[in-house]
Amino acid sequence: METILILAHTETDGSLAKPALEALSAAKALGGALVVGLVGENVQAAANCIASCGAAKFLGVSGADFSQARYATDAAAAEAICKAAGATIVIAPATSRWNRVLAGVAHRLGGRTDTHVTAVSAANGVVSINRWYYRQRMEAVLQRAQRPWVIALEAGCCEAWKGAAGSASVEVVTVNLTDACKRTTVTGIRAPAADQQTIRPDANLLFVAGAGWTKTQPDGKAHTPEAEKLILDFLRLTKASLGSSKSLVDLSGEGQAVLSFMSHLHQIGQTGSTPRHLKGLSTCCHGEEPHTVGWRFVNERRAIDLNPNCGWARGKADVLYVADAFAVMAKVNELIAAGK
Ligand SMILES: Cc1cc2nc3c(=O)[nH]c(=O)nc-3n(C[C@H](O)[C@H](O)[C@H](O)COP(=O)(O)OP(=O)(O)OC[C@H]3O[C@@H](n4cnc5c(N)ncnc54)[C@H](O)[C@@H]3O)c2cc1C
């Protein structure tokens, strides 16, 4: 029987983030002996939050050295927990912190790793994972004989575990760090203020802006400042997540007067991201295949484009509004602001 370790790190406030709770429910669904391994400055509060998850034990590596993401200390902590747990399968949320170290940890343990995993399942005692290849065009189901098998589970693919808090007894795992492990010091984190952060993976709605917002409009002029205001007002009112076509983000890279808040991180598509929002609204974007392939997991799709022959009209969207997105979005913002 497999020994399944759910390996999570705490956030700066000592809590467990949603991806960690999603990984926990995925690990639980496999059956088998479950061990929780936690890394962070102080892991007791996190362990208490998931005390009723049914784990046979809780292992913890804690202390100031483990408060922030740092390869050497995180890898040492993860390796020590995996060994102490005797884990054959390790499921970890694919956070940026864990993604950096998991492959190295698997190597140190003589195991194997799979990243970008979107599902784990077990049938007749055999564990399988699902993973997409070739820019999300093909899905594979994989099994491995090698153990330990370290699996980085993507966020947003499983329901987060919910259950009663309690009092967990955490077994301390000691990690001996050399000075060399502590050479890197995290001096701070630069991140946009919460209301400037326009990529919101948990939002129900994806709002995509295309290059049309910066193009010459029927009056012979471009209206980029108006476009910026309409888009930002909509995002502020709805808390939707912002995506972009490649053409629009490429314009930003070329130094043209474009939407100041747009970066390559917003790009959706073949060479961009493949987000998982419930609904999507595309505006001023032609809906070409390399773009719409990134909408694979968006179930309800609508688009606003002046061109009735755009890609969205060719089976890519459920509803296409052949209309001026400036006028439509101004009206939509007005209605939402008025609570309608
Ligand atoms: C190998 C490869 C990989 C690629 N990868 C990606 C990718 O990952 N993501 C991606 O997006 N693209 C990708 N592309 C590029 C893609 O093929 C398109 O060129 C790009 O998506 C076009 O962007 P767009 O629709 O915003 O711009 P355009 O094609 O310029 O379309 C602008 C649209 O805005 C409309 N419009 C203008 N004004 C208004 C208005 N007032 N109201 C309503 N509509 C208006 C126009 O009718 C037009 O349809 C890739 C291409 C290649 C070759």
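The values are calculated or read from the model by the stated rules, or taken from the named source; none is laboratory data. Note that the structure is predicted; figures quoted are calculated from it, not measured. Virtual Cβ from ideal backbone geometry, glycine too; neighbours counted across all protein chains shown.
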Matching residues, region 285-336, being in a loop (DSSP other than H, G, I, E, B) and touching a Cys at 6+ places or on another chain (Cβ under 7 Å) = His286, Gly287
Tell me which residues, restricted to region 119-135, are within 27 Å of Gly269 (Cα to Cα) and buried (at least 19 other Cβ atoms within 10 Å of the Cβ).
-> Val120, Ile129
For Ile231, are the conditions met, namely being away from the ligand (no atom under 16 Å from the Cβ) and either in a strand (DSSP E or B) or among the aliphatic types (A, V, I, L, M) (or both)?
-> no
With the first residue restricted to region 319-340 and required to be in contact (Cβ under 8 Å) with a residue 24 or more places away in the chain, and the second required to be charged (D, E, K, R) and loosely packed, with under 11 Cβ neighbours inside 10 Å, Cβ contacts under 6 Å at 6 or more apart or on different chains are none
Across region 215-243, the tally of residues that are farther than 15 Å from Ala327 by Cα, over 17 Å from the mean Cα position of the chain (by Cα) and crowded, with 23+ Cβ neighbours inside 10 Å stands at 0
Condition test on Ala313, is it farther than 16 Å from Ser244 by Cα, near the ligand (Cβ under 9 Å from one of its atoms) and among the small types (Gly, Ala, Ser)?
-> no
Taking region 259-310 and keeping only residues that are free of Cβ contacts under 8 Å to residues at least 24 places away in the same chain, closer than 22 Å to Leu232 by Cβ, touching a strand residue (DSSP E or B) at 6+ places or on another chain (Cβ under 6 Å) and more than 12 Å from the ligand (Cβ to nearest atom), one is left with Arg302
Kindly state which helices (runs of 4 or more DSSP H) lie completely within region 16-104 and contain at least 1 residues that are farther than 26 Å from Gly156 by Cβ and of a type in the set (D, E, K, R).
-> 71-85
List, please: which pairs have Cβ atoms under 9 Å, are six or more places apart or on different chains, and start with a residue in region 204-218 that is over 11 Å from Val258 (Cα atoms) and end with one that is of a type in the set (Phe, Trp, Tyr)?
-> Leu206/Trp295; Phe207/Phe234; Val208/Trp295; Gln217/Phe326
Residue in region 322-340 that is farthest from Lys229 (Cα to Cα), counting only those that are away from the ligand (no atom under 15 Å from the Cβ) and of a type in the set (D, E, K, R) | Lys340
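In region 132-143, what residues are at pLDDT 95 or above and either assigned by TED's automatic domain parsing to the domain that holds Thr292 or assigned to a strand (DSSP E or B) (or both)?
Listed by number, the residues that qualify are Ala140, Val141, Leu142.
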Is region 245-265 home to any residue that is under 30 Å from Gly339 (Cα atoms) and within 17 Å of the chain's Cα centre (by Cα)?
-> no
